[in-house]
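Let me begin by presenting the structure, written as structure tokens, before commenting on it.
The values are calculated or read from the model by the stated rules, or taken from the named source; none is laboratory data. Being a predicted model, the structure only gives us computed values, none of them experimental. Please note: Cβ atoms are built from the backbone with ideal geometry, for glycine as well, and neighbour counts cover all protein chains shown. Keep in mind that these areas ignore ligands, DNA and RNA; they rest on the heavy atoms of the full protein, side chains included. Shrake-Rupley method; radii C 1.70, N 1.55, O 1.52, S 1.80 Å.
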Amino acid sequence: MFKQVKHLRNLLRVAKGKKEPIIGPIKAVWEVLNICNARCRTCDRWKEKSDPTILSTGEGKNLIQQLAEAGALNLTFTGGEPLLRKDIYVLVACAKQHRLSTSLYSNGLLINARRARDLIDSGLDLISISLDGSTPALNDHLRGISGYFDLAMKGIESLKSLRNNGHPKIFIAVTITRQNVHDLENMAHLVKVSGLDGLSLQLALHAPKIMYCVEPDLAFQPGDGAALQAAIDRVMENYGHYLPMNRDYYRHFADYVEQPNALYEHLNTVGFATAVINPWGDVYPDPLETDSMGNIRQQTFKAIWFGERASAVRRRIASQEHPVSLFDSFISMNFAVERAAATTLSLHQIMKPIFNGAQHF
């Protein structure tokens, strides 16, 4: 309870213009490895080679303990494809032992009955399976692997058949491009008929420095914003209860396409309430930042989080020198905190996720 109250104070302090946090991140995202077994047309991670110098199991456990001690509430495991790490179940279980809520993003290609059972036994709270189309033809075209859709759906069915009392929650995560925006309602319908728990919507972002590389025919262009927003609005209207983020997040998709700099007008909590740790232990405020706050092999997480390098990054963020993004796991928090700071009637928008494990804002 003490951590939750301190996080609430921290977020409200950020909304009032304070420049330094009083607690560690509410949400940490750990990219547990750099490789992937899909060939998505919105990401180049699949071109990476396996690297033995990524954080070991022991280093990962130490990181998890330090995140918990710093006050983190949620740890999200991502990659690359996290299930390519044989110790991923041990790491999730370690996070649960330290009372962190846990989420994991996977393409689902490796999930069979055994791995589904291992994930469930680890205590995982939520898994998001990446699908970009409601049909095999569309999804496999965008994800670059023939048979991807069928394998992922089989993985989802394995999880559904083995989970207990709806645990872990199962989400479908969609990366939105020009070639699947027409399919968003169908994706929401797939979530419904499959008996799943939610739908995450994320725009494809072009950021070559971090290997997010959208092929030209998939990228939204100025003038596409109205059609994109209309598609998002239809999903909100007809399937809104499957969407986990606050509604302000979903109302800014067109802005990101047509006038992304307008998002600078809004509060930015990255680096105050969120952190990303890459496979080698470098700490960043969010996925787009390329200036490291420090490395956990050289300093404790607390020393990094409250250190001068982190302060310098936060000053850049405050002066709008940070890249504009629309990551669902990060930017949604901005809008929730901004609204809560403006009216006490909206305070529940940040209280509920804080006290429910901070998986979604």
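Panel note: the C-alpha atoms of the chain, placed on their principal axes, show extents of 49, 46, 39 Å (largest first). Please list log₁₀ I(q)/I(0) at q = 0.22 Å⁻¹ for region 280-352, using the Debye equation with identical point scatterers on the alpha-carbon positions. One equal scatterer on each Cα of region 280-352 leads to -1.00.
Taking 8 Å as the Cα distance limit and 6 or more residues as the minimum spacing, I'd like the relative contact order of region 236-361 as a percentage. Let's see the in-between values first.
Numbers: 138 pairs, mean separation 34.3, N = 126.
About 27 percent, as a whole number.
Looking at region 85-208, the pairs of alpha carbons with a distance over 18 Å make up 52% of the total. Radius of gyration (Cα atoms) of region 167-233, expressed as a multiple of 2.2 N^0.38 Å: 1.25. Amide H contacts under 5 Å for Thr76: Ala28, Val29, Trp30, Ser103, restricted to partners 5 or more places along the chain or on a different chain, H placed in the peptide plane at 1.01 Å from N. The Cα-based radius of gyration of region 170-285, divided by its Kirkwood radius, gives an Rg/Rh of 0.98. Proximity of backbone amide H atoms, modeled 1.01 Å from N, is registered between Arg39 and Ile145 at under 5 Å, excluding neighbours fewer than 5 places apart on the same chain.
Counting every Cα pair in region 14-120, what percent are over 22 Å apart? Within region 14-120, distances greater than 22 Å cover 38 percent of Cα pairs.
About the Cα centre of the chain, what is the dipole size in debye to 20, counting +1 per Lys and Arg Cβ and -1 per Asp and Glu Cβ, all else neutral?
For the chain, the charge dipole is close to 1220 debye.
Across Arg85, Arg99, the residue with the most accessible area heads the list, and the full order at a 1.4 Å probe is Arg99, Arg85. When the listed pairs Lys3/Lys96; Lys61/Lys160; Lys3/Lys86; Lys19/Lys96; Lys47/Lys192 are checked against a 26 Å cut-off, the alpha-carbon distance exceeds it for Lys61/Lys160; Lys3/Lys86; Lys19/Lys96; Lys47/Lys192. Taken over region 209-361, the percentage of Cα pairs per 10 Å bin, counting from 0 up to the bin with the maximum distance, is 10, 33, 37, 17, 3. Distance distribution P(r), region 299-339, all Cα-Cα pairs, bin width 10 angstrom from 0: 25, 40, 34, 1 percent. For region 79-156, the Kirkwood radius over C-alpha pairs fed into Stokes-Einstein at 25 °C and 0.890 mPa s yields D = 188 µm² per second.
Can you give the accessible area per residue of the chain, in Å², using a 1.4 Å probe?
Values: 14640 Å² over 361 residues.
With all protein chains present, the chain gives 41 Å² per residue.
Annotation: amide H-H contacts under 5 Å for Glu20 (H modelled 1.01 Å from N, sequence separation of 5 or more, or interchain): none.
Net length available on complete extension from Arg315 to Leu347 is 8.9 nm, with 0.36 nm assigned per residue and the Cα-Cα distance removed.
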